[in-house]
Amino acid sequence: SERIPSKNIIKNKFSYKKGSKELFVILPPWGGRLYLNFFLRQELLKNNCSILEYEFPKAILSSNWKFTLNHFDFIRKSVVREIKKLKKEYKFQKIKIIGISIGCVNVCMIADNNHDINEIFLIIPGHCLAESMWNGISTQEIRKNYENKKISLEKLKKYWYSLAPENNINNLKSGKISIFLSKADKVIPFYCGNKLLDSIKSLKYNLYYEINNNIGHNITALSFYINPNKFLFNNK
């Protein structure tokens, strides 16, 4: 049942590049599918990296706050376990984890207090899942359902406290973070991503960030999928 998620909510694909020392882990946007990673996969393999990709159903974010909480917790445990297993089996020296949109929620949960993660990439993140959902243009139906149940944003923030990226960044063992935001973002409103950026700036990590002015949420994500090198290798 949705209340206790089972492993069939998760699909993943592992591509090993022989002799590679780096593993990239990709956490998808809401409803993102494995086929979106085609160019990304090719580029990473070309750069002598292995890749672990994930796909989750849209049901991981729903108008049932408990189901949502359970799904994200289940994903965190599953991905942490898989990373540990692959690191041991293939002797990866560096593990870099990428989140796109809602995938940034997963990334921060997975990377928090995790010595296995060496670098983090957050592409169009927000500081708080509840607030991003509440004010984002793609999730207004879910917001209405919460309002109909008399669940306010303040209440939802309490329920989803452990899911908010801003609450999972104080103990990132990697210390190396890249963030990409868009001022034109309305799916995860720009102010949400900017709040997260400000919080991370205050923590003195090794931070790189870029803010584009006008290409919005979906095109920023698409530009990452089409030209991942610009995001992953040309920003240091």
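Highest GNM mean-square fluctuation among Gly103, Gly136, Gly193, for the chain modelled with Cα contacts below 10 Å: Gly136. Counting pairs of Cα atoms in segment 1-139, how many percent are more than 19 Å apart? Counting every Cα pair in segment 1-139, those more than 19 Å apart make up 49 percent. For Arg81, the solvent-accessible surface with a 1.4 Å probe is about 150 Å², rounded to the nearest 10.
Accessible area of the chain with a 1.4 Å probe: how many percent of it is carbon plus sulfur? Present the calculation step by step, with values, prior to reporting the outcome.
Details: 5620 of 11080 Å².
About 51 percent, which is the carbon plus sulfur part of the accessible surface.
With an 8 Å cut-off on Cα pairs and a minimum separation of 6 or more residues, tell me the relative contact order of segment 94-232 in percent.
Numbers: 253 pairs, mean separation 39.2, N = 139.
Here the relative contact order equals 28 percent.
Computed with a 1.4 Å probe on the full set of protein chains, the accessible area for Phe180 sits at about 10 Å². Cross-link pairs exceeding 32 Å between alpha carbons, from the set Lys21/Lys204; Lys157/Lys201; Lys88/Lys186; Lys144/Lys204: Lys88/Lys186; Lys144/Lys204. Using only Cα coordinates, the Kirkwood hydrodynamic radius of the chain works out to 17.8 Å.
Mean separation of Cα pairs under 8 Å and 6 or more residues apart, divided by the residue count, gives segment 25-100 a relative contact order of 44 percent.
Sequence gap at least 6, Cα distance under 8 Å: using those rules, report the relative contact order of the chain to the nearest whole percent.
Details: 443 pairs, mean separation 45.9, N = 236.
Relative contact order here is 19 percent.
What pairs in Lys58/Lys85; Lys87/Lys230; Lys66/Lys155; Lys58/Lys195; Lys173/Lys195 have C-alpha atoms more than 18 Å from each other? Write out the running numbers ahead of the final one.
Working: Lys58/Lys85 27 Å; Lys87/Lys230 26 Å; Lys66/Lys155 13 Å; Lys58/Lys195 25 Å; Lys173/Lys195 21 Å.
As for pairs spanning more than 18 Å Cα to Cα, those are Lys58/Lys85; Lys87/Lys230; Lys58/Lys195; Lys173/Lys195.
For Asn213 and Lys46 in one chain, what is 0.36 nm times their gap in residues minus the Cα-Cα distance, to one decimal in nm?
Details: separation 167, 0.36 × 167 = 60.12 nm, distance 3.06 nm.
Here the answer is 57.1 nm.
Residue-normalised convex hull volume from the C-alpha trace of segment 151-214: 91 Å³ per residue. Taking amide H as placed 1.01 Å from N in the peptide plane, Ile102 has its amide H under 5 Å from the amide H of Trp30, each at least 5 places away in sequence or on another chain.
If you scale each eigenvalue of the Cα gyration tensor by 5 and take the root, what three semi-axes come out for segment 105-145, rounded to whole angstrom and sorted largest first?
On the way: eigenvalues 149, 20, 8 Å².
Taking √(5λ) for each Cα gyration eigenvalue gives 27, 10, 6 Å.
Put the Cα centre of segment 62-87 next to the Cα centre of segment 88-158 and the gap is 11 Å.
Accessible-area rank, largest first, for Ile211, Ile75: Ile211, Ile75, with all protein chains present and a 1.4 angstrom probe.
Pairwise inverse Cα distances across segment 48-116, averaged and inverted, put the Kirkwood hydrodynamic radius at 13.1 Å. Only helices enter this figure: runs of n ≥ 4 DSSP H residues, each worth -39500 (n - 2.57), summed and divided by the residues of the chain, yield -12000 deg cm²/dmol at 222 nm to the nearest 500.
The values are calculated or read from the model by the stated rules, or taken from the named source; none is laboratory data. These figures come from a predicted structure and were not determined experimentally. Surface accessibility is based on the protein's heavy atoms, side chains included, excluding ligands, DNA and RNA. Shrake-Rupley method; radii C 1.70, N 1.55, O 1.52, S 1.80 Å.
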